[in-house]
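Okay, structure first, notes after.
The values are calculated or read from the model by the stated rules, or taken from the named source; none is laboratory data. Only a predicted model underlies this, so the values are computations on that prediction, with no experimental measurement involved. Every residue, glycine as well, gets a Cβ built from its backbone with ideal geometry; the counts of neighbours run over all protein chains shown.
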Amino acid sequence: MLRLGIDIDGTVTDPKTFVPYLNKSFNKTLTYNDLKQYDLTKVLNITEVEFWKWMDEFEPIIYKEAPLALHAKAVLDNWKEQHQLLFISARRKHLLDITYNWFNENELYYHHIELIGSHDKLEAVKNNDISIFFEDKHDNACMISEEHQIPVILFNTPYNQDPVPSGVIRVDHWLEAKDWVNQWYEVKVL
């Protein structure tokens with residue numbers, strides 16, 4: 001049984017989720033492909049203070065309404081009996097109820113949900129003895145893979161296209177992730 005560490009936003013939720021909220025709030029016409037950087041302050045040309053004021057207002061709404069990423073539910077449902085599903089997110093802790101409600105409304109199974117309030121997931125990965133991690137943030141994927149010597153599945157987005165080390169595996173959607181994990185698991189078990 002693998003202990004799968006799974007980021008939520010941009011990984012289990014559709015990475016396009018923020019775009020309509022950004023456009024409406026900041027009077028922009030951004031497309032998903034315009035999000036070439038993870039740091040939205042640079043995309044929007046706003047300060048950190050402005051960004052976090054906006055997040056305080058819209059983060060609960062966005063997370064409550066976020067659609068699932070392509071094939072995420074089918075793959076995670078397939079894995080829930082054979083692997084531990086441990087969701088580790090940079091979401092802030094005050095969003096825990098919204099997060100649990102979202103999982104329940106989407107009938108998405110979990111063994112554990114941990115909101116760490118920071119993008120530094122290294123300690124959570126170690127404490128949860130993660131076998132493979134699933135991420136959309138480039139530097140997180142690289143740090144987790146290199147620090148813990150585990151594979152990290154990186155879901156391709158416009159904002160994570162920098163080169164990656166060999167332990168980071170790029171995929172376009174959850175079915176590709178499932179294929180890679182299943183092949184890796186077979187080799188590891190045999």
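With the requirement that a residue be of a type in the set (Phe, Trp, Tyr) and under 13 Å from Thr11 (Cβ atoms), what does the range 160-181 give you?
Residue satisfying the conditions is Trp174 alone.
When the residues of the range 1-30 are narrowed to those that are among the β-branched types (Val, Ile, Thr) and touching a Pro at 6+ places or on another chain (Cβ under 8 Å), which ends up surrounded by the fewest Cβ atoms within 10 Å (Cβ to Cβ)?
Of everything passing the filter in the range 1-30, Thr17 is surrounded by the fewest Cβ atoms within 10 Å (Cβ to Cβ).
If you scan the range 116-144, which residues turn out to be under 15 Å from the mean Cα position of the chain (by Cα) and hydroxyl-bearing (Ser, Thr, Tyr)?
Of everything in the range 116-144, just one residue is under 15 Å from the mean Cα position of the chain (by Cα) and hydroxyl-bearing (Ser, Thr, Tyr), namely Ser118.
Please tell me if Asn160 is out of contact with any Cys (no Cβ under 6 Å at 6 or more places or on another chain) and either within 19 Å of Phe87 (Cα to Cα) or among the aliphatic types (A, V, I, L, M) (or both).
In short, no.
May I ask you to list the residues in the range 34-43 that are surrounded by 14 or more Cβ atoms within 10 Å (Cβ to Cβ) and in a helix (DSSP H, G or I)?
Matches in the range 34-43: Asp34, Leu40, Thr41, Val43.
Taking the range 1-19, which residues are outside any strand (DSSP E or B) and aliphatic (A, V, I, L, M)?
Within the range 1-19, Met1, Leu2, Ile8, Val12, Val19 qualify.
If I filter the range 44-56 down to residues being touching a residue at least 12 places away in the same chain (Cβ under 8 Å) and in a helix (DSSP H, G or I), which single residue comes out as farthest from Phe155 (Cα to Cα)?
So the residue we want is Trp54.
Does Val187 satisfy the criteria of being outside any loop (DSSP other than H, G, I, E, B) and surrounded by fewer than 16 Cβ atoms within 10 Å (Cβ to Cβ)?
So Val187 fits the description; yes.
Please verify whether Glu147 is over 19 Å from Asp39 (Cβ atoms), in contact with a helix residue (DSSP H, G or I) (Cβ under 8 Å, 6 or more places away or on another chain) and among the acidic types (Asp, Glu), treating the condition exactly as stated.
So Glu147 fits the description; yes.
Search the range 90-135 for residues being of a type in the set (Gly, Ala, Ser) and either within 24 Å of Pro67 (Cβ to Cβ) or in contact with a Ser or Thr (Cβ under 7 Å, 6 or more places away or on another chain) (or both), and hand back the single one that is modelled with the highest pLDDT.
Per the criteria, the residue is Ala90.
How many residues does the range 20-33 hold that are more than 20 Å from Leu154 (Cβ to Cβ) and either modelled with pLDDT under 95 or in a helix (DSSP H, G or I) (or both)?
Number satisfying all stated conditions: 7.
Just for the range 162-184: of the residues that are in contact (Cβ under 8 Å) with a residue 12 or more places away in the chain and among the small types (Gly, Ala, Ser), which one is nearest to Ala72 (Cα to Cα)?
Ala177
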